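All remarks here apply to the structure that follows.
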Amino acid sequence: MKIGVLTGGGDCPGLNAVIRAVAKSLMLHCDAEVIGFREGFLGLIERNAVSLSYKDVSGILAQGGTILGTHNRANPLSYFGRDGADVSDEVVAYYNELGLDGLVVIGGDGTMSISHEMEKKGMRIVGVPKTIDNDLMATDRTFGFDTAVSIATEAVDRLQTTGQSHRRVMILETMGRYAGWIALESALAGGGDIVLIPEIPYDIDEIVRVCDEREDRQSFTIIVVAEGAKPQSGKMTVRETIDDSPDPIRLGGVGNVIQAQLKGRIDSEVRTTILGHVQRGGTPTPADRILATQYGAHASELIRRGEFGRMVARQDGKLTSVPLSEVANMVKTVPLDSPLIKACHAVGMSFGAKL
Ligand SMILES: Nc1ncnc2c1ncn2[C@@H]1O[C@H](COP(=O)(O)OP(=O)(O)O)[C@@H](O)[C@H]1O
Ligand SMILES: O=P(O)(O)OC[C@H]1O[C@](O)(COP(=O)(O)O)[C@@H](O)[C@@H]1O
Ligand SMILES: [Mg+2]
């Protein structure tokens, strides 16, 4: 048996743990040959593959990033290197030339969308859900999310002591694109006072009211804001537009926008921290290493059973798999009836809006 593996989209802690689990389990239990493609789908487009030995995938469990490299623009259906040409048939030809029996694709929504299309063209694919944002459909969790939440929580804890000492309003901006999962969970874990997520557009007057009230009572305020948060009558804050990407919007800077909006309206000084890629780098937490290993092992099981066109998933604590069609072109946002939102409410956290 000959199986390919690639990592696509933004990197995320736990990618190497998945590569290791997929490769080791296939090598150990069906003597498979494992081929890695460099930089996501770019490796398939530009014919850049490397044979992985048992040694290559040993000792990488706790390593951040991906030994294969990744890419967030390489798309066989619209290749940036040839003016957006569809090179998917060439990719399928290369896959067949290599004599692959299947391909494990580790990625997020974009990577799963591409995988779904390539599956229709005859490639046999098993997906593994990665992203620090936890915004993939049909799975309770993506690996990388736990690490991002733990880093963001540590940031909230640290901002609390400095904010408290200076009686300031401290704003922490987290990643998460169009979903508020990282902000919500780190605010809950760190005891934030206000949490702003894309799913609940904020009202600046309400934020001012909560800060004012806390100035009298506790004299400092921690605001955790997801990069995708937006005012009730306004838009998300776009940091950058990447022209040749099918997913061109990069968010960022809403923390500074809120700081400017608070200026002159509250007595306290305001400071903003944009956490950025610190959330994505470095070693995965034990929970992410375990989840990544379980996902990798489950992906290799699906391959052995010949179940392709599916993404491994965790639902209600159990490992399972779902058709790629259920995750392609979808985003899982925070539902308003989420128990996390209920818990925030219970402890008096504000969403910067009347709910
Ligand atoms: N909706 C989409 N449909 C098809 N391809 C997409 C879509 N969104 C992104 N892509 C492509 O998928 C790849 C990875 O996307 P990206 O969003 O960076 O990572 P992720 O796989 O984590 O979602 C990129 O090559 C991008 O061009
Ligand atoms: O790598 P870039 O271009 O800075 O992208 C930043 C974005 O990638 C993420 O870190 C992760 O997104 P993906 O997992 O979908 O790649 C987002 O939270 C953030 O908005
Ligand atoms: Mg994406």
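The values are calculated or read from the model by the stated rules, or taken from the named source; none is laboratory data. Since the structure is predicted, the reported quantities are computational estimates derived from the model, not experimental observations. Cβ sites come from the backbone with ideal geometry, for glycine too, and all protein chains shown count toward neighbours. Calculation scope for accessible area: heavy atoms of the full protein, side chains included, ligands and nucleic acids excluded. Shrake-Rupley method; radii C 1.70, N 1.55, O 1.52, S 1.80 Å.
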Check cross-link reach from K235 to the lysines: straight Cα distance under 24 Å, and skip same-chain residues fewer than eight apart. K263, K332, K354
Between S165 and N256, what is 0.36 nm times their sequence separation minus the Cα-Cα distance? Round to one decimal in nm. 30.6 nm
Would you list, by chain and number, the lysines whose Cα falls below 24 Å from the Cα of K24, excluding same-chain residues fewer than 8 positions away? K2, K55, K130, K318
Residues in the range 44-58 near a label at R304, defined as backbone nitrogen under 18 Å from the 7 Å Cα→Cβ point? 54
Between E90 and D337, what is the label-point separation in nm under the 7 Å Cα-to-beta-carbon projection? 5.0
Eligible aspartates and glutamates near K342 by straight Cα distance, threshold 13 Å, same-chain separation 8 or greater: E185
Euclidean distance of C-alpha centroids, the range 57-115 and the range 217-250, integer Å: 29
Dipole size in debye (nearest 20) for the range 146-280 around its Cα centre, Lys and Arg Cβ +1, Asp and Glu Cβ -1? 280
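Suppose the chain between A62 and K120 were pulled fully straight at 0.36 nm per residue; how much longer would it get relative to their current alpha carbon spacing?
Result for the pair: 17.4 nm of gain on full extension.
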Counting only protein heavy atoms and a 1.4 Å probe, tell me what percentage of the chain's accessible area is made up of carbon and sulfur. 48
Only helices counted: for the chain, with every DSSP H run of 4 or more residues adding -39500 (n - 2.57) and the sum spread over all residues, [θ] at 222 nm is -11000 deg cm²/dmol
Using a 7 Å offset from the Cα along the Cα-to-Cβ direction at both H345 and R209, what is the distance between the two label points in nm, to one decimal? 1.6
Compute the long axis of helix 286-305 from its Cα atoms, compare it with the longest principal axis of the Cα atoms of the chain, and write down the angle in degrees, 0 to 90, nearest 10. 30
Which one, L291, L251, L28, has the greatest fluctuation when you compute a Gaussian network model over the chain with C-alpha springs under 10 angstrom? L28
So with the 1.4 Å probe, I'd like the accessible area per residue for the range 146-280, rounded to whole Å². 43
Given 0.36 nm per residue, what is the gain on full extension from S51 to D83 after removing their alpha carbon distance, in nm? 8.5 nm
A189-D244 FRET efficiency (beta carbon distance; Förster radius 56 Å; 0.05 resolution): 0.90
